[in-house]
Amino acid sequence: MQWLIIGTGNVAWHLAQALTQAGESCVGVVSREVGKARTFAQTLPFSLPAYSFEEIADISTDIDVVLLAVADDAIAVVCEQLTALPTPLIALHTSGTRPLAVLQPLADKGWKTGIFYPLQTLSRQKMVDWSQVPLLLESADLPTLHALEAVGKRISRNVVFSTSEKRQWLHLVAVMTANFTHHLCTVGNQLLEKQDLSIAILQPLLEETLSKALLPNGANTQTGPARRGDSQTIERHLALLQDFPTWQNVYNALTNSLLEMYDKTASGRQG
């Protein structure tokens, strides 16, 4: 199929390459500013024409699919601008939080709509192994869903049909377990650097912890002072964080969550 990419962010950048490697044809990239689209195209390992939204109706190349790889809040606006195209096509968005219904204005005009959501953190500093990336698909049109499945299976070994509600829950938990963990590591590294230490020494611990957390009985493998109700260690940690009140609060919140989950009481604690 012929794909027109809307957006110039990380998702657009990675999916343009994944689709091309899977044998699909990307025929152009569109941005509000054509200069951004041109800069985006220059970073790809293949040639890709660049367009502004005002030029969409003038694109002469055949298009089968319009991929909306844009910020969540921009999806509705882009839908309005796509009505300039003379023929109804397939419109897909890549959001983890927005429902299929956000594309309804296009569906009302005869477009086929769907979702093509890669459940992975994507940045240009690091390529990903697409064969391992879960691709969550959704469409109310069965032929469209089957077409997306065929494309998805050429990209990944993990193609999943998902409703909007389940995808939103997956996205929520992905943020909690991945984005927050990344942030905790970043802050942890900043704290260690103040002591002339590197977070690299924690890599074996972090890898082992994650491997255990992903086990079917992962909750039973939890360790640490909150797991065993060790109030003295907890208080010492909070004292070390006295100059970092925000992180004292985070430490407290996570500790209290652990104490509640494992029905532990750390007596004498403050907060």
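The values are calculated or read from the model by the stated rules, or taken from the named source; none is laboratory data. If you're wondering where the values come from, they're calculated on a predicted model, not measured in any experiment. Backbone-built Cβ (ideal geometry, glycine too); neighbour counts: all protein chains shown.
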query = Which condition does Leu238 not pass, out of (1) out of contact with any Phe, Trp or Tyr (no Cβ under 8 Å at 6 or more places or on another chain); (2) surrounded by 13 or more Cβ atoms within 10 Å (Cβ to Cβ), if it passes all the others?
reply = (1)
message = Where the second residue is acidic (Asp, Glu) and the first is more than 25 Å from Ile115 (Cβ to Cβ) and lies in the stretch 44-69, which pairs have Cβ atoms under 8 Å and are six or more apart or on separate chains?
response = Ser52/Glu33
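State yes or no: is Ala12 in contact (Cβ under 8 Å) with a residue 24 or more places away in the chain, at negative phi and of a type in the set (Gly, Ala, Ser)?
Working: in contact (Cβ under 8 Å) with a residue 24 or more places away in the chain: yes; at negative phi: yes; of a type in the set (Gly, Ala, Ser): yes.
Judged against the criteria, Ala12 is a match.
Yes/no matrix, rows are residues, columns are (1) out of contact with any helix residue (DSSP H, G or I) (no Cβ under 7 Å at 6 or more places or on another chain); (2) in the same structural domain as Tyr117 (by TED's automatic domain parsing); (3) crowded, with 20+ Cβ neighbours inside 10 Å:
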{"position": "Ile6", "(1), (2), (3)": "no, yes, yes"}
{"position": "Gly9", "(1), (2), (3)": "yes, yes, no"}
{"position": "His14", "(1), (2), (3)": "yes, yes, yes"}
{"position": "Gln17", "(1), (2), (3)": "yes, yes, no"}
{"position": "Gly23", "(1), (2), (3)": "no, yes, no"}
{"position": "Glu33", "(1), (2), (3)": "yes, yes, no"}
{"position": "Ala37", "(1), (2), (3)": "yes, yes, yes"}
{"position": "Ala41", "(1), (2), (3)": "yes, yes, yes"}
{"position": "Ser52", "(1), (2), (3)": "no, yes, no"}
query = If you check Leu215, Leu197, Leu170, which single one turns out to be of a type in the set (A, V, I, L, M, F, W, C) and within 30 Å of Pro99 (Cβ to Cβ)?
reply = Leu170
ask   = Of the residues Thr87, Thr94, which is β-branched (Val, Ile, Thr) and in contact (Cβ under 8 Å) with a residue 40 or more places away in the chain?
value = Thr94
query = How many residues are surrounded by fewer than 21 Cβ atoms within 10 Å (Cβ to Cβ), more than 19 Å from the chain's Cα centre (by Cα) and part of a strand (DSSP E or B) if we restrict to the stretch 113-157?
reply = 0
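For the stretch 63-102: of the residues being charged (D, E, K, R) and over 17 Å from His146 (Cα atoms), which is surrounded by the most Cβ atoms within 10 Å (Cβ to Cβ)?
The qualifying residue surrounded by the most Cβ atoms within 10 Å (Cβ to Cβ) is Arg98.
For residues in the stretch 24-77 being aromatic (Phe, Trp, Tyr) and more than 22 Å from the chain's Cα centre (by Cα), which is modelled with the lowest pLDDT?
Restricting to residues being aromatic (Phe, Trp, Tyr) and more than 22 Å from the chain's Cα centre (by Cα), the top hit is Phe53.
Condition check ((1) farther than 22 Å from Ala174 by Cα; (2) surrounded by 14 or more Cβ atoms within 10 Å (Cβ to Cβ)) across all residues:
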residue	(1), (2)
Thr221	no, yes
Gly229	yes, yes
Ile234	yes, yes
Pro245	yes, no
Met261	no, no
